[in-house]
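The values are calculated or read from the model by the stated rules, or taken from the named source; none is laboratory data. Owing to the predicted nature of the structure, the values given are computational and were not obtained by experimental measurement. Using ideal geometry, Cβ is built from the backbone for each residue, glycine included, and neighbour counts are taken over all protein chains shown. Side chains included, ligands, DNA and RNA excluded: accessible areas come from the protein's heavy atoms. Shrake-Rupley method; radii C 1.70, N 1.55, O 1.52, S 1.80 Å.
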Amino acid sequence: MVLRHRVMLTLILVVALVVSVNGLAFGQAEPEGKLAEIIARGKLVCGIAGSLPGFSFLDPDTGEVSGFDADYCRAVTAAIFGEVTADNLEFVPLTANERFTALQTGQVDVLFRNTTWTFSRDTDLDGEFGPVIFYDGQGLMVPADLGVSSINDLDGSRICTQSGTTTELNITDAMSELGFTFELVPLETSADTMTAFEAGSCDVLTSDKSQLAALRGASANPSLYTILPDTLSKEPLGPMWIEGDGQFGDVIKWTVYATFHAEEFGYTQGMTAEEIAAVDPRFAGAEGDLGSFIGLSNNFAVNVITAVGNYGEIYSRNLDALGIGREGSLNAMWTNGGLIYAPAWR
Ligand SMILES: N[C@@H](CCC(=O)N[C@@H](CS)C(=O)NCC(=O)O)C(=O)O
């Protein structure tokens with residue numbers, strides 16, 4: 001009797017070992033939690049700023065949404081549904097103050113809203129952050145004729161900033177550390193800050209440098225404004241979702257990594273699935289079951305690249321026109337001295 005049990009147990013162990021070595025079943029997962037909810041609903045609901053050319057901009061005339069963050073919403077949609085259609089992605093524009101409540105109440109599934117990864121957002125707000133998609137830093141914009149060259153010249157200045165942002169907190173710290181007096185002018189939207197700045201209600205506009213470049217670029221006469229060389233903070237911008245849903249988190253992380261991996265190995269939006277599979281069958285899902293480990297199809301990564309292209313393509317499409325150069329910055333590929341780096345696709 002005991003012997004028969006032993007034989008049975010050994011048999012079960014051998015079968016389990018063979019199955020796991022071949023990767024046949026153990027890692028495969030059905031969609032659950034947020035991912036299952038999104039699939040049942042038939043669309044991803046993505047929180048964006050909607051007002052920042054280059055990052056996420058809702059065109060009031062056409063209703064089209066463009067930008068770097070918007071393309072990452074499209075990337076996650078393509079990972080989940082295979083493609084982006086007119087119906088399977090809803091953009092929800094949110095102000096800085098609104099964004100975290102919208103996430104916590106389930107109004108949006110994920111934020112791609114130029115949101116900085118910080119300790120308190122990651123912990124106290126129940127957030128979870130994914131791979132950084134843009135390494136930013138806070139800057140200062142002044143009228144070119146103000147005759148200042150750095151933050152050291154800004155004692156006694158009036159500073160426009162946006163409420164509910166890391167920007168507001170950092171400028172207060174930076175000016176206090178210098179022992180400077182200053183008047184903070186907090187406003188609700190970045191359009192409000194630019195309007196107030198252009199009207200002369202403040203001497204300085206402070207924001208993430210990428211956003212200063214976007215606002216300056218969109219103004220009637222960009223040469224009227226100068227972005228000072230100071231960088232006051234680290235602003236790692238990335239996707240944010242609600243903590244505790246490991247599968248949905250993995251979907252977001254590996255969607256972003258797909259865009260990094262594709263750039264590193266030279267796969268572009270114009271390539272066919274067969275062309276990518278010929279050189280990288282695991283990435284293309286022609287070999288192995290990686291997609292199924294996170295509730296997706298095995299070719300999800302190729303669907304992402306077909307929908308939006310690789311990281312470099314997404315960057316160029318949206319940010320080159322703003323003059324936010326990648327070369328020599330933290331946003332360069334790691335093989336080129338930057339921090340854009342994906343773990344191995346295996
Ligand atoms: N990265 C910072 C700033 C994010 C932020 O909200 N930036 C402003 C620009 S200063 C913005 O997106 N404004 C768009 C809007 O509210 O319309 C954060 O996460 O707090």
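Return yes or no: is Thr206 under 25 Å from Phe57 (Cα atoms), at pLDDT below 95 and under 25 Å from the mean Cα position of the chain (by Cα)? In short, no.
Which fully enclosed strands (runs of 3 or more DSSP E) of the stretch 187-258 have 1 or more residues being of a type outside the set (Asp, Glu), surrounded by fewer than 24 Cβ atoms within 10 Å (Cβ to Cβ) and within 12 Å of the ligand (Cβ to nearest atom)? Quick ask: steps written out before the conclusion?
On the way: elements: 204-208, 225-227, 235-237, 240-242.
Result: 235-237.
Within the stretch 296-326, the set of residues being assigned to a loop (DSSP other than H, G, I, E, B), at negative phi and modelled with pLDDT under 95 comprises Ile324, Gly325.
Count of the stretch 149-169 residues, restricted to those that are open to solvent by 30 Å² or more (accessible area, probe 1.4 Å) and at pLDDT 95 or above, is 6. Looking only at the stretch 89-142, residues that are closer than 23 Å to Pro60 by Cβ and not acidic (Asp, Glu) come to 16 in all. The number of residues in the stretch 315-332 that are under 20 Å from Gln269 (Cα atoms) and surrounded by fewer than 18 Cβ atoms within 10 Å (Cβ to Cβ) comes to 4. Scanning the stretch 26-48 for residues that are modelled with pLDDT under 95 and of a type in the set (A, V, I, L, M, F, W, C) gives Phe26, Ala29. Please go through the stretch 29-65 and give me each residue that is within 15 Å of the ligand (Cβ to nearest atom) and open to solvent by 30 Å² or more (accessible area, probe 1.4 Å), ordered by number. Result: Ser51, Pro53, Phe57, Leu58, Asp59, Pro60.
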